[in-house]
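Some notes on the structure that comes next.
What follows is calculated from the coordinates using simple rules that are stated; it is not laboratory data. All values reported here derive from a predicted model rather than from experimental measurement. Virtual Cβ from ideal backbone geometry, glycine too; neighbours counted across all protein chains shown.
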Amino acid sequence: MLRFTTAGESHGRALVAIVEGLPAGVPVDIDQINHELKRRQWGYGRGGRMKIEQDEVQILSGVRHGLTLGSPLALMIDNKDWANWTEVMATEARDLEPEKSRRVKRPRPGHADLAGGLKFGARDLRNILERASARETAARVACGALAKQLLTQFGAEIRSHVIQLGGLPEKPLELSWEAISAIREDAPLRCADELAQQSMIELIDQKRHEGDTLGGIFEVVARGLVPGLGSHTSWDGKLDGRLAQAVMSIPAVKGVAIGAGVEASSLPGSEVHDEIAYNAETKDFIRATNRAGGLEGGITNGEELRIRGHLKPISTLRRPLRSVDIDTKQEEAAAFERSDITVVPAAGVIGEAMTALVLGSALREKFGGDSLGEMKRNFEGYREQLRGY
Ligand code: EPS
């Protein structure tokens with residue numbers, strides 16, 4: 001199994017992560033990890049913080065001479081903004097004057113502030129928001145980049161794109177792998193449809209002006225996956241359920257759909273299920289459609305995996321919503337320091353990372369092995385089995 005854990009506060013010293021379960025001998029490309037970190041920071045509608053941070057990973061363990069050792073990898077990404085927060089976020093005891101403490105006491109509707117404050121008894125909501133912040137997802141993207149490097153060894157690739165933002169276009173975009181692959185890395189919203197992208201940008205500008213925020217939908221697509229990852233045999237082995245949890249855990253994601261997921265519930269079966277055909281030449285079972293999004297019974301079926309994340313708008317608004325001061329219990333405007341207007345393209349990159357980590361884990365379960373070579377032999381043996389089916 002491939003597993004990871006992260007630690008770090010948004011304005012603390014650094015984000016760190018430990019990744020466990022990669023076999024020995026996987027080539028690790030640190031530039032590629034940094035490239036993924038950069039992709040996450042990109043996107044029209046991000047706020048001032050992204051001008052401060054230029055995320056770069058340091059690998060502290062688990063890699064020697066460019067190859068994994070089979071031991072846990074420890075990763076670290078510095079928070080450049082930490083320099084401005086050393087007193088407020090000091091790990092040592094401090095007795096700061098109220099005006100210097102940056103205490104948060106007006107919870108933002110939609111954020112973890114109030115629910116977390118009640119749960120932990122935190123009288124300074126900063127104790128909650130520092131960890132609830134989506135800053136943590138930089139660490140996930142670094143872990144996901146490692147999972148992607150494992151997947152590459154087995155011929156799988158992952159991409160993401162924005163298919164709707166702030167309700168535009170009215171019908172979410174449906175695009176081929178080729179169209180998605182052609183999106184330039186500097187596309188402002190990682191959207192393949194130029195016209196749609198332009199109208200999204202105009203909407204973002206309008207909402208920036210109004211002090212408001214926007215959500216949207218991203219789609220993650222993985223291709224080159226062998227059939228047979230995941231399992232129908234137990235509820236927690238089903239890959240659709242595992243992917244849904246992984247994608248739902250991304251901040252602001254409130255809905256996850258696989259393939260035609262949402263639309264499928266209102267259509268008859270004849271318009272939903274993908275009919276099966278056989279290509280005698282390649283000895284492959286094939287489908288003309290892929291409404292199942294590459295998963296049947298919680299198992300990959302060899303088609304492209306397609307998973308959508310529906311994001312609510314960011315909960316920090318420049319024109320704040322009504323809230324209550326936790327000291328006075330009087331109605332007040334929610335706290336605001338600075339914020340992004342929308343993060344849908346960034347969430348897509350995080351979606352790629354979370355998908356890669358789940359798929360990487362499923363690959364490890366199926367093909368095992370302590371070294372990459374052993375894992376590849378098991379993989380080739382299985383491919384042989386598929387060809388003889
Ligand atoms: C976030 C608020 C903003 C975002 C942040 C997530 O940060 P700050 O409060 O420092 O302005 O920019 O996202 C990141 C720092 C990041 O790396 O994505 C929040 O409240 O969730």
Let's see if you can work this out: charge +1 on each Lys and Arg Cβ, -1 on each Asp and Glu Cβ, no other charges. What is the dipole magnitude of the stretch 219-303 about its Cα centre, in debye to the nearest 20? 280
Rounded to the nearest 0.05, what FRET efficiency do ALA277 and ASP370 give with R0 = 41 Å and r taken as the Cβ-Cβ distance? Could you check? 0.55
Name the residue, out of GLU263, GLU337, GLU275, whose mean-square fluctuation peaks in a Gaussian network model built on the chain with Cα pairs under 10 Å. GLU337
Any residue on another chain or 5+ positions along whose placed amide H is under 5 Å from the amide H of GLU296 is listed here as ASN301
Along the positive direction of the dipole of the chain (beta-carbon charges: Lys, Arg +1; Asp, Glu -1; about the Cα centre), which of LEU214, PHE285, SER176 reaches farthest? LEU214
Before rounding to the nearest 500, sum -39500 (n - 2.57) across all DSSP H runs of length at least 4 in the chain and divide by the residue total; then give [θ] at 222 nm in deg cm²/dmol. -10000 deg cm²/dmol
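By the gyration tensor of its Cα atoms, with a ≥ b ≥ c the square roots of the eigenvalues, what is the shape of the stretch 92-248: rounded for a/c under 1.5, prolate for a/b over b/c, or oblate?
oblate
Taking K and R as +1 and D and E as -1, what net charge do the other residues with C-beta under 13 Å from the C-beta of LEU243 add up to?
Every neighbour counted, the sum reads 0.
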Beyond 27 Å (Cα-Cα) in this structure, taken from LYS254/LYS376; LYS51/LYS100; LYS207/LYS329; LYS119/LYS312, we find LYS254/LYS376; LYS207/LYS329
Result row for the chain, helices from DSSP H with C-alpha axial extent 20 Å or more and mean Kyte hydropathy at least 0.0, is 137-152, 344-367
Across ASN279, ASN290, ASN378, the residue with the highest GNM fluctuation in the chain (Cα network, 10 Å cutoff) is ASN279
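Could you sort 379-388, 6-15, 197-206 so that the peptide with the highest average Cβ count within 10 Å comes first and the rest follow in order?
Highest to lowest by the protection proxy: 6-15, 197-206, 379-388.
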Filtering trypsin sites (Lys or Arg not before Pro) in the stretch 184-282 by DSSP loop and by at most 14 other Cβ atoms within 10 Å leaves ARG184
Sort 25-37, 92-104, 131-143 for me by packing, meaning the mean count of neighbouring Cβ atoms within 10 Å per residue, highest on top. 131-143, 25-37, 92-104
Run the reach check for LYS38 against aspartates and glutamates, Cα to Cα strictly under 15 Å, same-chain hits fewer than 8 apart removed. What comes back? ASP29, GLU53, ASP55, GLU56, ASP78, GLU136, GLU185, ASP186, GLU352
Specify the residue with the greatest mean-square fluctuation among PRO268, PRO227, PRO320, computed from a Gaussian network of the chain linking alpha-carbon atoms under 10 Å apart. PRO268
